[in-house]
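For reference, the structure discussed in these notes is given below.
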Amino acid sequence: MIDLHMHTSRCGHAEGTLEAYVAAARAAGIATIAFTDHLPLPAEILARDPHAAEYAMPEEQLDAYVADVLAVRALSAASGGPEVLLGIEADLHPGNESHVRRLLERHPLDIVLGSVHFVDGWAFDDPDRRDGYSDWDVRALWERYFDDLIAAAQTGLANVIGHADLVKKFGYVPEGDLAPLYERAASAFAAAGVVVEVNTAGLRKPCAELYPSAGFLRALRAADVHVTTGSDAHTPAEVGAGLAEAREALLAAGYDRVTIFRNRIGEEISL
Ligand SMILES: [Zn+2]
Ligand SMILES: [Zn+2]
């Protein structure tokens, strides 16, 4: 299996050295990993929410992050693997595109995950910001989140859409049939040519299931959207966590391949 989503302590809410993440991947028999720490946030988000300084590395650390990953990649290659890819997880809420584009252009990235963690500047996945759910009708929030996620895919900035139904993290799920929402997103992703990650962090959160859900994954398969896998590890112990469940979910949905990215070019490999 491959694990194309993990963080580093530079983001302010993850722990462990890069070497420890690599050693954990080696011990788990993972062939390829990608470091995908949070891309620095734009000034307007940082000004709006004092917590935001703990969501991503400061912009002045981006060059050092890239140097760290390239150094550990060389070290890992000289010690029997795993292959280490240079990635980033970029926030792609509306209005953030030029900021993201400017930072992405600076570095030779292998993979860019595009994620939506904010709706109107509200970090809806932050446990300390759960009070914000009381301001929303859950169905309206989901519609708005999926609109933003589709717009994120359409920017062309991301290779992979991260944790595609993150909005369910705390268990706020609308009543009724969600298939039309999933089908709308799946056809937009297919048209945009983005890959969707099966992210195992949801297994460790209150929603207690993979991102995306089984129903969403079926819609993605029906639209022929390609997929990859990631643990979203924030500690070395989480590297590779849940990948066996991800593989089972993918096989159940009819997938037999996952996509890996090098120099931002995708290649399908056997699951
Ligand atoms: Zn994320
Ligand atoms: Zn992440």
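Laboratory data are not the source of any read-out in this text; all were calculated from the coordinates shown. Keep in mind it's a predicted model, so treat the numbers as computed, not measured. Cβ sites come from the backbone with ideal geometry, for glycine too, and all protein chains shown count toward neighbours.
General remarks:
- Over region 1-53, all Cα pairs binned in 5 Å intervals from 0 give whole-percent P(r) values of 4, 18, 23, 18, 13, 10, 8, 5, 1, listed from short to long.
- Region 1-130, relative contact order [Cα under 8 Å, separation at least 6], %: 25
- Computed over the chain: relative contact order in percent, which uses C-alpha pairs under 8 Å that are six or more apart: 21
- Estimated [θ] at 222 nm from DSSP helical runs (n ≥ 4, -39500 (n - 2.57)) normalised by residues in the chain, nearest 500: -10500 deg cm²/dmol
- Taking every alpha-carbon pair within region 133-242, the share separated by more than 19 Å comes to 44 percent.
- Over all other residues within a Cβ to Cβ distance under 13 Å of Glu209, the charged ones net out to +1, with Lys and Arg as +1 and Asp and Glu as -1.
- Scaled radius of gyration (Cα, divided by 2.2 N^0.38 Å) that region 2-270 gives: 0.93
- Rounded to the nearest 0.05, the FRET efficiency derived from the C-beta distance between Ser79 and Ala252 at R0 = 45 Å is 0.80.
- In whole angstrom, region 1-142 maps to an equivalent ellipsoid with semi-axes of 30, 17, 13, each derived as √(5λ) from the alpha carbon gyration tensor and ordered largest first.
- Cα centroid separation - region 55-120 against region 1-20, whole Å: 11
- For the chain, modelled as a GNM whose springs connect Cα atoms under 10 angstrom apart, the maximal fluctuation among Ala47, Ala164, Ala201 occurs at Ala47.
- Residue with peak Gaussian network fluctuation, the chain [Cα springs, cutoff 10 Å], from Val225, Val239, Val195: Val225
- Longest segment of the chain lacking GluC sites (Glu not before Pro) that sit in a DSSP loop with at most 10 other Cβ atoms within 10 Å: 1-104
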